[in-house]
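The values are calculated or read from the model by the stated rules, or taken from the named source; none is laboratory data. Only a predicted model underlies this, so the values are computations on that prediction, with no experimental measurement involved. Because the Cβ atoms are built from the backbone with ideal geometry, glycine has one as well, and the counts that use them run over all protein chains shown. For accessibility, only protein heavy atoms count, side chains too; no ligands or nucleic acids. Shrake-Rupley method; radii C 1.70, N 1.55, O 1.52, S 1.80 Å.
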Amino acid sequence: IRPLCLPKQKQVWAPTEWAVPAEKWRNQATKMVMEAHEQLLAYQRGLDYLAGRGLPLDAVRQHRLGFLPAEDRKTGTCLYRARSAFGLPDKANADGSKTRRVLWIPRGFTIPLWTPSWDKPEEVLRVRIRRPKGDLKNDDDPKYMLLTGSGQASMVLPPVGVAPSLAVWVVVEAELDAIAVHHACRGKVGGLAA
């Protein structure tokens, strides 16, 4: 018996629309990112690390990269903030035994994704944190973490001063790489972190 062959369905691609974080989250994240930016500007080892990745001081300033130092004396690898400050609800453990009112934030380099500034002041839509290698406990521990509540949109750095029909784009894995490409090409090549 021959299987019945159905005609292939034509698939239509539709772009994903990502939700924008709530205003309270955006305000608190913007404040945190700007404080982290000031921390980084005073942290020469951090600036040297980023320069070694192709991100000199002017790129750090332009993209307002930052560094969150640890405040937790026990581990020295994180800080805590009230979830309510970000407009996030309390979080129950999987077994329901405890409710967390604080947000765990790993220390590391902050990589903000900003709103376009066409008609209003910029706000942070997402914060990705690049954790120091020494803070990773094993190979499964993620190097990059999103701050809870962050939007999910990709970082897109469009070419500046280039006709759209002539635009060149480079797709990379990480935001720091997209920023490095965009900066090295003086904004003439677009960067997209996938």
Give the range 137-169 a look and list any residue that's in a loop (DSSP other than H, G, I, E, B), without any contact (Cβ under 8 Å) to a residue 40 or more places away in the chain and open to solvent by 40 Å² or more (accessible area, probe 1.4 Å), or say none.
LYS137, ASN138, ASP139, ASP140, PRO142, LYS143, PRO158, VAL160, GLY161, VAL162, ALA163
Just checking, does the range 53-72 include any residue being surrounded by 14 or more Cβ atoms within 10 Å (Cβ to Cβ), among the aromatic types (Phe, Trp, Tyr) and under 17 Å from the mean Cα position of the chain (by Cα)?
yes
Looking at the structure I just gave you, is THR77 on the phi < 0 side of the Ramachandran plot, at pLDDT below 95, out of contact with any Ser or Thr (no Cβ under 7 Å at 6 or more places or on another chain) and polar (S, T, N, Q)?
yes
Residue hits (the range 89-136; in a loop (DSSP other than H, G, I, E, B), within 26 Å of LEU192 (Cβ to Cβ) and among the polar types (S, T, N, Q)) are THR115, SER117
Given the criteria charged (D, E, K, R) and touching a residue at least 60 places away in the same chain (Cβ under 8 Å), does ARG64 qualify?
no
(1) closer than 23 Å to PRO21 by Cβ; (2) within 16 Å of the chain's Cα centre (by Cα) all hold for LEU103 apart from (2)
